[in-house]
Amino acid sequence: PRLIFPKLGDCIDRFITDFETIFYLKPLNDKGLSGWLYRVFPEPWQVLLQSRDGDTKLALAAEDRPNYFDAVDALVRSAREAAA
């Protein structure tokens, strides 16, 4: 732990921040909607809306990782468009 070994903690922080995420998959469940934050390097970050039958629809594609609130907003907008 950093409290006991502060120099080791600093070294680990510098080392890990140099990595590029090559695969990322995180579930998003908010406001009654389900989806995924997804990325396979070198493709852009994607927010996918998942329907009740399991189909997915692209809600957002971005070069930088979207924060949680932007991802949920993209899910809401995509669900509204699908319902219209």
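The values are calculated or read from the model by the stated rules, or taken from the named source; none is laboratory data. Every value quoted in this text rests on a predicted model; they were computed, and no experiment measured them. Heads up, the Cβs are rebuilt from the backbone with ideal geometry, glycines too, and the neighbour counts pull from every protein chain shown. Calculation scope for accessible area: heavy atoms of the full protein, side chains included, ligands and nucleic acids excluded. Shrake-Rupley method; radii C 1.70, N 1.55, O 1.52, S 1.80 Å.
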Out of the residues in the stretch 36-60 that are among the hydrophobic types (A, V, I, L, M, F, W, C) and more than 18 Å from Glu20 (Cα to Cα), which is most open to solvent (accessible area, probe 1.4 Å)? Leu58
Check on Leu33, touching a Gly at 6+ places or on another chain (Cβ under 9 Å), surrounded by 11 or more Cβ atoms within 10 Å (Cβ to Cβ) and in contact (Cβ under 8 Å) with a residue 40 or more places away in the chain: no
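Quick test for you: out of Glu63, Glu20, Glu81, pick the one residue that is of a type in the set (D, E, K, R), exposed (fewer than 14 other Cβ atoms within 10 Å of the Cβ) and over 16 Å from the mean Cα position of the chain (by Cα).
Glu81
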